[in-house]
Amino acid sequence: MSTRPVTLPALLAILMLVGCRGGDSAPDGQELPELRTYEVPAGQADVLAEALNEVLAGPGEQAGAGRASSRLPGRLVVLAPGSVHDSVEEALAEMAGSADERVAQPATLRIWLVDVQPGQDQTPAFEKSLGDAIEVIRTRFAGQGLRLVEEASLGLPSNHGLATLTTGTGNEISVRTLPGNVPTFDVELLSKGGGEQVPLEFRSRLELAPGETVIAATLNKGRWDKGGTRLVLMRLDAPGS
């Protein structure tokens, strides 16, 4: 499970409502503080503790309503009244639900095999789908023409999953999604050649920002045919990117 900073305003808004909630009170009318520990997404404990401490801090020199700590990995330790804990539990449940919804929506890895060779473009229409990456390619290979060899899309599982695809030209693509806050993949692309295809063997671990097209590999075609370069382009299309 992962979270994004955009969920923090929701957390703060819920906590601001704590004054409207009741709870067990001490004889002086103040709620008794309780110490509770919450499991939180990896890498998010510090930012959650900081957000909580900002809300729980008292004005000026006055004592605050509680205190949060993130000293334990993946754990948020909170000392606060019961009504604050109710809000914390509600906020964390909301964040978990939002993350689960994002995971349920599949991401897609798009792959292009493009030949760079002397002459004019042979398949110019596909360049629009590359976005800003086409300018990088044009600058890097000035004066060369582009030819789309193949384009493929592969739906990706959420965590630790393996997705495979054999394209119409015989290229075998396998992608394993790795856990972590940054989208990371082990990608393998193999082809034995035949017809217009050339023998191809590409393996790499990639971190891909959603919506960004990258040149994953630049292959020298000199050992296969008259020369030129084959590019392996990839883009992660994720919901909301």
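The values are calculated or read from the model by the stated rules, or taken from the named source; none is laboratory data. No experiment lies behind these values; they were computed from the predicted model shown. Here Cβ is always computed from backbone atoms with ideal geometry, including for glycine, and neighbour counts include all displayed protein chains.
Listing for the model above:
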{"read-out": "Residues being part of a helix (DSSP H, G or I), in contact with a strand residue (DSSP E or B) (Cβ under 7 Å, 6 or more places away or on another chain) and modelled with pLDDT under 80 - total across the range 87-122", "value": "1"}
{"read-out": "Yes/no for ALA68 being touching a strand residue (DSSP E or B) at 6+ places or on another chain (Cβ under 8 Å), under 12 Å from HIS85 (Cα atoms) and at pLDDT 60 or above", "value": "yes"}
{"read-out": "Within the range 131-149, tally of residues that are surrounded by 12 or more Cβ atoms within 10 Å (Cβ to Cβ) and over 11 Å from THR213 (Cβ atoms)", "value": "9"}
